[in-house]
1. Is there any pair with a first residue in the range 24-37 that is closer than 9 Å to LEU124 by Cα and a second that is open to solvent by 50 Å² or more (accessible area, probe 1.4 Å) whose Cβ atoms are under 6 Å apart and which are 6 or more apart or on different chains, and what are they?
2. (1) among the polar types (S, T, N, Q); (2) under 14 Å from the mean Cα position of the chain (by Cα); (3) under 14 Å from HIS79 (Cβ atoms): which one isn't true of THR103, the others all being true?
3. On the basis of being loosely packed, with under 12 Cβ neighbours inside 10 Å and either outside any helix (DSSP H, G or I) or not assigned by TED's automatic domain parsing to the domain that holds LYS104 (or both), does ALA31 make the cut?
4. Name the residues in the range 55-77 that are assigned to a helix (DSSP H, G or I) and open to solvent by 70 Å² or more (accessible area, probe 1.4 Å), would you?
5. Please go through (1) more than 23 Å from ILE24 (Cα to Cα); (2) surrounded by fewer than 20 Cβ atoms within 10 Å (Cβ to Cβ) for SER80 and return the number of the only condition it doesn't satisfy.
6. Restricting to the range 91-135, count the residues that are farther than 19 Å from TYR71 by Cβ, open to solvent by less than 70 Å² (accessible area, probe 1.4 Å) and part of a helix (DSSP H, G or I).
Amino acid sequence: MKPSAANAARKSVAEDAQQVLRAIELIELGARMQVLESELALPRERMIRLYHELKGKAPPRGLLPSSADWYMTWLANIHSSLFYNAYLFLREDAGEPHIDALTKGYRLYVEHCQTTGAEVLLDLTRAWTLVRFFGADIVQMAPCSRCNGKFVAYQYDLCKGMVCGACCPPPRAGKTIKPSAARAAESESAHAA
Ligand SMILES: [Zn+2]
């Protein structure tokens, strides 16, 4: 092999390895096939095999969420905004490429949930879809007029004077904050009886 050909081969091996590592990271974080196919240049069959190996099952079928409405319900909005603020910081201030900002931002979001004892409401596929909605100008970040935090809002919403879901939760919010904890408590007391 000529030196240039050897260099090219080495480069493509390194690129391939990087793609596989990214696929593993995305699968472990819970990405669906559509995310892998759109972010990586690996053959589909190979990604399905990787998914099988890591998860011990075939990737789930089905369509991705196509509406931004989910991100607007109050608790999902707080979670989504938390993730997107982290993503934006990594992308714009730290200069990370999109895929790294996505995985690192998502990890930061999950860590935050774990340290505060909150349920992880936003899965990786929804986080990825949210970034796409920003790219398609469907949503924007809008400041809360009370806490000054930035929150996900529809692009066409007039956000002047907006109050976020954290500053003004709906009256029944306390009852729905941790459905999983409530269920766990319920089954505990059923066992005790
Ligand atoms: Zn607020």
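The values are calculated or read from the model by the stated rules, or taken from the named source; none is laboratory data. Just so we're clear, the structure is a prediction, and the values are computed from it rather than from any experiment. Counting neighbours? That spans all protein chains shown, and the Cβs are built from the backbone with ideal geometry, glycine included. Each accessible area value is taken on the protein alone, full model and side chains, heavy atoms only, with ligands, DNA and RNA left out. Shrake-Rupley method; radii C 1.70, N 1.55, O 1.52, S 1.80 Å.
1. GLY30/ASP123
2. Going through (1) among the polar types (S, T, N, Q); (2) under 14 Å from the mean Cα position of the chain (by Cα); (3) under 14 Å from HIS79 (Cβ atoms) one by one, THR103 breaks only (3).
3. Numbers: loosely packed, with under 12 Cβ neighbours inside 10 Å: no; either outside any helix (DSSP H, G or I) or not assigned by TED's automatic domain parsing to the domain that holds LYS104 (or both): yes.
When the stated conditions are applied, ALA31 does not pass them.
4. Those that are assigned to a helix (DSSP H, G or I) and open to solvent by 70 Å² or more (accessible area, probe 1.4 Å): LYS55, ASP69.
5. (2)
6. 3
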